[in-house]
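Here the structure is laid out as structure tokens; the discussion comes afterwards.
Derivation of every value follows stated rules applied to the coordinates shown; laboratory data play no part. As the structure is a prediction and not an experimental result, all values here were calculated from the model. No Cβ is skipped: glycine too gets one built from the backbone with ideal geometry, and neighbour counts run over all protein chains shown.
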Amino acid sequence: MKTPTQSASLSATEPVSPTDPLAQTDPELAAYFNNFAFNEVPAESAMAPTTRLMLQLAATIAAPALNEFKAMAGVALAAGVTAVEIKEITYQAVPYVGMARARDFILGANEVFTAHGIGLPLPGQPTTTPETRSAAGLAVQTLIGGADPQVAGHVAANLNVGNTRAMLVDTLTQILPLIGYPRTLNGLRIVNEGTP
């Protein structure tokens, strides 16, 4: 892993937002995090960058990390995640985190869309797949403290829609930079207990 003082380059598909305040005030930390989150962690992943970014957006909602969500939403748009997909992620978070928390992220997404010249309201159409929705549910449930039975239920639901153990491990690995090692390891334990 590079040290924080070494520069970190991102892939062309996932640029750092030039408006990210951390890139301006804490460039070493921003470079370190971006290298970890966008280069090192996904290096061995078979997951599409857009899928990874959608899962990471779901994780920021559960965290709750509104500023990180808005920064990631800008990166996601630049990488090809559509505004409708981002909005759908915020809507799907409502039953998991409640409207009191999800509302801030829905409004935060709207701010990002407006800043990117995307008109509102967006067309209402489901765009994510059952596999992506199930994986996002696993990401969100892993962050909710005391929700181990629900995480186990999401492991089973993921298997029922065709997601594999490898995909579930990859999902948790890809949200690691945003949720930290303790919650990731807890999620991995539950995946290991619920999969062959």
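Step through the residues of segment 114-119 one at a time and calculate ³J(HN,Hα) from phi using the Karplus curve (6.51 cos²θ - 1.76 cosθ + 1.60, θ = phi - 60°), rounding each to whole Hz and writing x for Gly and Pro.
Each residue of segment 114-119 in turn: 4, 5, 9, x, 9, x Hz.
What relative contact order, as a whole-number percentage, does segment 22-194 give when Cα pairs under 8 Å and 6 or more residues apart are counted?
Values: 189 pairs, mean separation 45.6, N = 173.
Rounded, it is 26 percent for segment 22-194.
Let's see if you can work this out: charge +1 on each Lys and Arg Cβ, -1 on each Asp and Glu Cβ, no other charges. What is the dipole magnitude of segment 22-194 about its Cα centre, in debye to the nearest 20? Before the final figure, lay out each step's value.
Details: 9 positive and 13 negative charges, 71 e Å.
That gives a dipole near 340 debye.
Restricting to DSSP H runs of at least four residues, report the calculated mean residue ellipticity at 222 nm for the chain, -39500 (n - 2.57) per run over all residues, nearest 500 deg cm²/dmol.
-21000 deg cm²/dmol
Which of 57, 161, 46 sits closest to the plus end of the dipole of the chain, meaning its Cα is farthest towards the positive end, when Lys and Arg get +1 and Asp and Glu get -1 on the C-beta?
Checking the options against the dipole of the chain, the answer is 161.
Within the set of other residues whose C-beta is less than 12 Å from the C-beta of residue 128, count the net charge using Lys and Arg as +1 and Asp and Glu as -1.
Working: positive: 87, 133; negative: 85, 88, 131.
Spelling it out: positives minus negatives among the neighbours equals -1.
If Lys and Arg each add +1 and Asp and Glu each add -1, what is the summed charge of the other residues whose beta carbon sits under 15 Å from the beta carbon of residue 162?
Every neighbour counted, the sum reads 0.
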